[in-house]
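Structure, as structure tokens:
The values are calculated or read from the model by the stated rules, or taken from the named source; none is laboratory data. Quick caveat: nothing in here was measured; it's all calculated off a predicted structure. When we count neighbours, we look across all protein chains shown, and the Cβ atoms used for this are built from the backbone with ideal geometry, even at glycine.
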Amino acid sequence: MDCALFGSYPKASLGGISWKRENLKKICFSGSYAAGRVSRCRAWDILQRHYAVGSQHQCLKNHTIGTKENFTSYRRHSKKLVVNATTDHPLESEPGAYNPKSIWTTVKNATDAFYRFSRPHTVIGTALSIISVSLLAVENLSDLSPLFLTGVLQAVVAALFMNIYIVGLNQLSDIDIDKVNKPYLPLASGEFSVGTGIMIVTSFVILSFWLGWIVGSWPLFWALFISFVLGTAYSINVPLLRWKRSAVVAAMCILAVRAVIVQLAFFLHMQTHVYKRPATVSRPLIFATAFMSFFSVVIALFKDIPDIDGDKIFGIRSFTVRLGQKRVFWICIWLLQMAYGVAILVGASSSFMLSKGITVLGHAILALILWNRAKSVDLTSKAAITTFYMFIWQLFYAEYLLIPLVR
């Protein structure tokens, strides 16, 4: 009954509670002006809530136990709260307060999301392939000059901008599929909005064409334009396009860009635009184009092996969906083994002993490593297949280290 009355009449005296409330208000607002009116008001609001709940709780205790010591302990606790409330530090952080750690965390998360959005294994592959093919145009040591570095840098930057456009457009077109196959990608996970994705791909394709235009190299510009057309047709979901739905056409798109455009266009960029020499088709260039044709087909087939679940749900008729994971996996392994066999024969036919030794031994070692890794892959584990797919890309990188040595 006393508690009910206390709730209805907050001025009622229960051991001097009302006197304490008035005096606490004076104490709370008597702090230094520097502490700020906002902090003191918040302190008073918290005290009000504290007393509203705490006083009723104490009333029940007094009614049940009937001792004065509990109330004295309660008053002592209240004084401690007032002391905390009147310090120079607010009881909670200001909503607009500057927090360097929070800003750094935001920047770090945004950078990580963009890193995943750019599909770094494709970025590394593009950069290495252009540098490697550019070295095929080098005829003597004097060609390794600032002119060479400038030409390579122009090609690499423009191509990377286009690469980000292509992989970004693919993610924009595959958000629902990626929620099943690749939920860690920023569009699928919700870290990037669709608007952010559109802004990124639009900015990078404009930058790519702008750089290709001001450089003034027609081989470079046509490489960017053809990559743009094929990359857009591969992904965008409009009538007559979205060629990735057809396994054969999808493989041809990847082969055209990775095996033909990269090798021929960027070689001609260095040969005709940078060195001002007549266009020629050399033996190393033919080898690079043929070998990367095998490799591009393998990448086109293998990338769908870990994505079989999402492709089935959304009607993507990849070779993996049609033939099964195990069969496509071993087709890829045998295609690469054939490519390494041809590379060993080409290396053995070289008239340069250094080139012969490195290319033969290098390709033999890569073929052996591939075979040993392939035999231990658990084809029932998506994680194991994905890891092996990244290993395929590592072999791709290694090949571009060997290609400039083929003479």
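Points to keep in mind about this one:
- So ALA247, is it closer than 29 Å to PHE287 by Cα and touching a strand residue (DSSP E or B) at 6+ places or on another chain (Cβ under 7 Å): yes
- Boolean, MET162 is surrounded by 16 or more Cβ atoms within 10 Å (Cβ to Cβ) and not in a loop (DSSP other than H, G, I, E, B): yes
- Any chance PHE391 is free of Cβ contacts under 8 Å to residues at least 40 places away in the same chain, touching a helix residue (DSSP H, G or I) at 6+ places or on another chain (Cβ under 9 Å) and aromatic (Phe, Trp, Tyr): yes
- Test: residue in segment 129-152 that is in contact with a helix residue (DSSP H, G or I) (Cβ under 6 Å, 6 or more places away or on another chain), farther than 17 Å from ILE200 by Cα, touching a residue at least 12 places away in the same chain (Cβ under 8 Å) and in a loop (DSSP other than H, G, I, E, B): yes
- No other residue among ALA158, ALA137 is of a type outside the set (Val, Ile, Thr), at pLDDT below 95 and within 30 Å of ALA279 (Cα to Cα) apart from ALA137.
- For segment 365-385, taking the residues that are in a helix (DSSP H, G or I) and surrounded by fewer than 15 Cβ atoms within 10 Å (Cβ to Cβ), the one that is nearest to the chain's Cα centre (by Cα) is identified as ALA383.
- If you go through segment 364-388 and keep only what is in contact with a helix residue (DSSP H, G or I) (Cβ under 7 Å, 6 or more places away or on another chain) and farther than 17 Å from VAL298 by Cα, you end up with ALA364, ASP378.
- For segment 283-307, taking the residues that are of a type in the set (Ser, Thr, Tyr) and in contact with a Lys or Arg (Cβ under 9 Å, 6 or more places away or on another chain), the one that is surrounded by the fewest Cβ atoms within 10 Å (Cβ to Cβ) is identified as SER293.
- Listed by first and then second residue, the pairs with beta-carbon distance under 8 Å, at least 6 apart or on different chains, first residue in segment 370-381 and touching a residue at least 12 places away in the same chain (Cβ under 8 Å), second β-branched (Val, Ile, Thr), are LEU370/ILE333; TRP371/ILE333; ALA374/ILE333; VAL377/ILE385; LEU379/ILE385.
- Reported count of residues in segment 308-339, each being of a type in the set (Val, Ile, Thr), touching a Lys or Arg at 6+ places or on another chain (Cβ under 9 Å) and more than 15 Å from ILE392 (Cβ to Cβ), is 3.
- Residues of segment 333-353 that are in contact (Cβ under 8 Å) with a residue 40 or more places away in the chain and either of a type outside the set (Ser, Thr, Tyr) or within 17 Å of LEU401 (Cα to Cα) (or both): ILE333, LEU335, LEU336, MET338, ALA339, VAL342, ALA343, VAL346, GLY347, PHE352.
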